[in-house]
Amino acid sequence: MPFPPYSVLRKRTRGTEVARHIVVVGAGIVGASIAWHLVRAGARVTVVATGGAGGVATPATFAWINASWGNPEPYFRLRSRSMREWSRLAADLPAVGLSWCGGLCSDLPPAELEAYVAQHAAWGYDIRLVDRAEAGRLEPALAEPPSLAVHVAEEGVVEPGAAVAALLGDASARGAVLRTDATVSRLAASGGRVTGVETDAGPIAADEVVLAAGTAVPELAATAGVDVAITTPPGLLVHSRPHPRLLNGLVLTDAAHLRQTADGRIVAGADFAGADPGDDPEATARGLFERAKALLKGADRLEFDRFTIGLRPTPFDGFPIVGRPQDSQGLYLAVMHSGMTLAPAVGVFATEELLTGRRDPLIGPYRPGRARL
């Protein structure tokens, strides 16, 4: 699928038209996607990667790409579109490492699984119920295959670090500037318009600033008088040392959610968002690892390596915050959970809105400043 032929909004300087300069604050998966799509569309882009490329939440994500979990239909449509955008992105940039490995879910009661399948199938999702025998065929390493499970063949994963590196590397090769030497302290503003960012390495002027810095968005937006309401719940994931292939796809059970990375590591959480670390994260991690290991046959030599704790930027109502705040010029917000699923679509839609002014209907409901219930 060819990249959309945007006509970049330009400004005139001393009689010469130049592409508008957009600063993207944040280099996790959302910021990296927005930056990549912008530079592909012809914008001048500077990415300010406080703490380096990858951000805070992205390295500690389960990295599940899906349109599941009983979301209302408009949000399901957005997530489904983003799954298609992942395929388009991977075709353009194979190094993102996309794998449509499929997901096997059995962590709901049978009646809820059946209702879940009926609803999502009616919406066009490629979802079906499987019995114990088929679950065992799909995931032969399960010690006790579930008696009833949901299988979605089109769900997938990427390796977060590889995906961000691919996006930022290609964006840089196309002219984007990556600043890993600067930490943004506040937004710069003049006459009610955001004009750039102030950093510990000096100011950076911009025609537009995109805040895609996850948990840091509320504090930075507040420096321009913009309120962004999110929570930042922690999620603990355990990571094994590399092991020969045990899992074919994602496995979601009552005991743990787990997948196996491209280099053979089992990643597991109490659910896909991770576990509550508790007062003793090390003990929580060790206990979770043992539960995950017990789910698998042939895992006797599976060894614990490490655990990660990610703070998940979760808007007040659980849905993305994407767009220009009301009564604020020069500023664009992009904060959400799950950023991993939504990053490609948000990259497409943010680029279109920033460069043409058109807002895609799929992100229409998710404007900043919407009413809090």
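The values are calculated or read from the model by the stated rules, or taken from the named source; none is laboratory data. Just so it is clear, the structure is predicted and the values come from calculations on it, not from any experiment. Here the Cβ positions follow ideal geometry from the backbone for every residue, glycine too, while neighbour counts run over all protein chains shown. Accessible surface areas use protein heavy atoms only, side chains included; no ligands, DNA or RNA. Shrake-Rupley method; radii C 1.70, N 1.55, O 1.52, S 1.80 Å.
Residues that are part of a loop (DSSP other than H, G, I, E, B) and among the aliphatic types (A, V, I, L, M) were ranked within the stretch 346-373; the one that is most open to solvent (accessible area, probe 1.4 Å) is L373.
The helices (runs of 4 or more DSSP H) falling completely within the stretch 81-198 that include 1 or more residues that are farther than 30 Å from A299 by Cα and free of Cβ contacts under 8 Å to residues at least 40 places away in the same chain map to 110-122, 160-173.
Residues of the stretch 326-345 that are farther than 25 Å from A163 by Cα, modelled with pLDDT under 95 and either open to solvent by less than 60 Å² (accessible area, probe 1.4 Å) or not in a loop (DSSP other than H, G, I, E, B) (or both): S328, Q329.
Give the residue that is modelled with the highest pLDDT, with candidates limited to residues of the stretch 315-325 that are surrounded by fewer than 22 Cβ atoms within 10 Å (Cβ to Cβ) and of a type in the set (A, V, I, L, M, F, W, C). Among residues in the stretch 315-325 that are surrounded by fewer than 22 Cβ atoms within 10 Å (Cβ to Cβ) and of a type in the set (A, V, I, L, M, F, W, C), the one modelled with the highest pLDDT is F319. Among the conditions (1) surrounded by fewer than 24 Cβ atoms within 10 Å (Cβ to Cβ); (2) closer than 26 Å to D92 by Cα; (3) not acidic (D, E), V210 misses just one, which is (1). Among the residues examined, A222 does not qualify as closer than 20 Å to S328 by Cβ and more than 24 Å from the chain's Cα centre (by Cα). Criterion first (among the acidic types (D, E), touching a strand residue (DSSP E or B) at 6+ places or on another chain (Cβ under 7 Å), at pLDDT below 95 and within 27 Å of H151 (Cα to Cα)) does D254 satisfy it? The answer is no for D254. If the condition is being at pLDDT below 90 and open to solvent by less than 10 Å² (accessible area, probe 1.4 Å), then the stretch 278-314 contributes only G310. Under 18 Å from the mean Cα position of the chain (by Cα) and crowded, with 21+ Cβ neighbours inside 10 Å - does that describe any residue in the stretch 129-150? Scanning the stretch 129-150, I find no residue that is under 18 Å from the mean Cα position of the chain (by Cα) and crowded, with 21+ Cβ neighbours inside 10 Å, so the answer is no. Counting only residues that are out of contact with any helix residue (DSSP H, G or I) (no Cβ under 7 Å at 6 or more places or on another chain) and over 18 Å from C105 (Cα atoms), the stretch 266-287 holds 10 of them. Within the stretch 93-128, the set of residues being open to solvent by 50 Å² or more (accessible area, probe 1.4 Å), among the acidic types (D, E) and over 22 Å from the mean Cα position of the chain (by Cα) comprises E112, E114. Residue-level check: of (1) touching a helix residue (DSSP H, G or I) at 6+ places or on another chain (Cβ under 9 Å); (2) at pLDDT below 95, I22 misses just (2).
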